[in-house]
Every structure is written in C-alpha cells, then in structure tokens.
Amino acid sequence: MNPPPLLVVISGPSGVGKDAVLERMRRTHAGWRFVVTATSRPKRPGERDGVDYLFMEPSEFQSLLAKDGFLEHAQVYGRYYGVPRGQVQEALQAGKNVIVKTDVQGARTIRAKLPDALLVFLAPPDMQELERRLRQRKSETAEDLARRIKTARLEMEAQREFDHVVVNHTGRLEETVAEIEKIIQEENARRPPPQE
C-alpha cells in the first residue's frame, strides 16, 4: 500500500524565491501536482498564463469565489490570489502529492481546513538579503516595495507556525530544493498507509 498523498504548502515572504524553487521541483517530479495559483493581478514580463499563475479578471475571480472554488484566497497588495480547490481535490484523489504555493496567511487558512497538510516555510538568509532581492526585481513602485518589505518582516515572525523552515541561500537553489524534497520523502515514509 502506498502512503496517502501529501498536501505540501510552500510559503514564505515575497521575494524569498518560492517561484524558482517550485520551477526546479517541477522539472524532476512529473508525478507530483503543482497547483497554479489564480490571481487578478496583471502579468509581469515573462510570466505565462496557466504556468506561473492563472490570470483572471477580478469579476472572474469573484465568480469562482462565490462558488466556493478556492481552498484559500486573500486580497494582497490590492489584488486577489487564491488556490483553486478543484486542482487540489483532483490530484489528492488520484493519489498524487500536491504542492501549493501561498503566502503566510494562506498557509494558516489551509492548516485550519486541512490539519494534515505539510507546511514548509522558505526563509531568506537574513532580511537584508530579502530586501536586496525585492529591490533587484524592479517590478514594484517605491510605495509597493516598502509595503512588501514591511509585510515580509511580519511574515518572518510566523516561521514557528510551520512544520519545517528551509533557508534559501543565494546561489544554492539546488540545496534548497534537495532539502524540501527530503522533507517530503521523509513525511511520505512516516505516514501510515490508509486502512482498507
């Protein structure tokens, strides 16, 4: 008997490298389901609809929300974000590990609804490095950047609410990914198979 599939939540402050980590994990784990977050924010250069995010008009997002179509959702920096419930349910029912990326608030919501979810906090080496990464993106106004940095400081305080904390050191993406994969493998091995 295989162990029950895991719902793995990868979270952490903006700019910590969640997208880079997930992109690397996608390449080596074709059998896992990587849930694509829906958002009402506009695409940034180079982003692909259905790959990086499901880009929706605010009215489209609200319509799905009214149908209870999100496992969790939030309004962040004036834009809507949500984890589509259907993607998660389909994958778990098919026996696949499910990887979800969300902010700290979203991770809390998922933990409240699904206590068995495995929560992994991705942390920067320190706040100075996180601020450098956010500034380097050059995708926000000065006001938005200041808001993201302030929010990131608050989110860093939430680490103790997570099952594991993994530091994403600059230039060591492979190590970060390997550590997360090891956590998932150990958790899969630890959980008993479902009873018949």
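Values as computed for the structure displayed
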item: Share of carbon and sulfur in the accessible heavy-atom surface of the range 26-104 [1.4 Å probe, %]; result: 49
item: Relative contact order computed over the chain (Cα-Cα under 8 Å; 6+ residues apart), in percent; result: 34
item: Solvent accessible area, Å² - PHE70, 1.4 Å probe, full protein context; result: 10
item: Computed [θ] at 222 nm, deg cm²/dmol, the chain (DSSP H ≥ 4; -39,500 (n - 2.57); rounded to nearest 500); result: -13000 deg cm²/dmol
item: Peptides 76-89, 163-176 ordered by average Cβ neighbours within 10 Å, highest first; result: 76-89, 163-176
item: Charge tally in the Cβ shell below 12 Å around GLU186, where Lys, Arg are +1 and Asp, Glu are -1, GLU186 excluded; result: -1
item: Normalised convex hull volume, the chain, alpha-carbon set, Å³ per residue; result: 125
item: Per residue value of the accessible surface for the range 59-150 (all protein chains in place, 1.4 Å probe), Å²; result: 52
item: Relative contact order for the range 103-196, counting Cα pairs under 8 Å that sit 6 or more residues apart, in percent; result: 35
item: Lysines with Cα under 22 Å of LYS113, excluding same-chain neighbours fewer than 8 positions away; result: LYS67, LYS96, LYS101
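The values are calculated or read from the model by the stated rules, or taken from the named source; none is laboratory data. Owing to the predicted nature of the structure, the values given are computational and were not obtained by experimental measurement. Because the Cβ atoms are built from the backbone with ideal geometry, glycine has one as well, and the counts that use them run over all protein chains shown. Just so you know, the surface numbers come from the protein's heavy atoms only, side chains and all, with ligands and any DNA or RNA stripped out. Shrake-Rupley method; radii C 1.70, N 1.55, O 1.52, S 1.80 Å.
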